Amino acid sequence: MLSAAVSAGCSSQAETAPAATPGVSGPGTGTPAATGHIGDTLTLTRADDSTIAVTLEQVINPATVTSGKHDPASTYLATKLKITDPGTAAIDGNVNINVTVFGSDGQNYTADLSNVSECANFDSGGFDLGPGESATGCVVFALPHGVSPTKVKYAPSSGFAEDFGEWTLS
């Protein structure tokens, strides 16, 4: 659904990936607007000033990769998220781009895009929600063996929004 709306030019709220520039601060790099723990819902402001409510429902660690190649030197985990549109206009985006996991080694990890048996991905990461609608799915990460997840970050609008939230996993 997301790709059709973006390619047709029908949505001004589509989320696209920003260029990565290590060591440079910008939107989504300061203090989180909201913090919580597993089970908490964080309501965040997107780049277009609409809002999104995100619940970290579960962290599945380890998760079992079902298909495709996987790295035998990695432990896979899945973050199960519920995305809700609390506003009055439709929103869309890509959860795989918006979510980051922080590891006990001080590194940040982006989505691995693998599928796992414990839960389904969103529509290849995409969501397209009307007011009051929600979607639940998982974002998968590959962490080196011995590295534990310490927190999960959600940065709306692919990190272009000033707002972001974090869930502490300890």
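The values are calculated or read from the model by the stated rules, or taken from the named source; none is laboratory data. Bear in mind the structure is a predicted one, so any value in this text is a computation, not a measurement. In this analysis, Cβ positions are derived from the backbone assuming ideal geometry, glycine residues included, and neighbour counts consider all displayed protein chains.
Matching residues to (1) at pLDDT 95 or above; (2) of a type in the set (D, E, K, R):
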residue: A4; (1), (2): no, no
residue: S11; (1), (2): no, no
residue: T41; (1), (2): yes, no
residue: T45; (1), (2): yes, no
residue: D71; (1), (2): no, yes
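For every residue, the table says whether it meets (1) more than 23 Å from F164 (Cβ to Cβ); (2) buried (at least 18 other Cβ atoms within 10 Å of the Cβ).
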{"position": "T45", "(1), (2)": "no, no"}
{"position": "A53", "(1), (2)": "no, no"}
{"position": "G68", "(1), (2)": "yes, no"}
{"position": "S74", "(1), (2)": "yes, yes"}
{"position": "P86", "(1), (2)": "no, no"}
{"position": "V95", "(1), (2)": "no, yes"}
Has region 128-141 got any residue that is on the phi > 0 side of the Ramachandran plot, touching an Asp or Glu at 6+ places or on another chain (Cβ under 6 Å) and not in a loop (DSSP other than H, G, I, E, B)? no
Testing L77 on (1) over 20 Å from I38 (Cα atoms); (2) outside any loop (DSSP other than H, G, I, E, B), one condition comes back false. Which one is that? (1)
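Which count do you get for residues in region 137-168 that are within 11 Å of the chain's Cα centre (by Cα) and closer than 23 Å to G39 by Cβ? So that I can check it myself, show each step before the final result.
Taking region 137-168 as the starting set, the residues that turn out to be within 11 Å of the chain's Cα centre (by Cα) are 137-141, 152-159, 164-166.
Next cut, closer than 23 Å to G39 by Cβ only: 137-141, 152-156, 164-166.
Number satisfying all stated conditions: 13.
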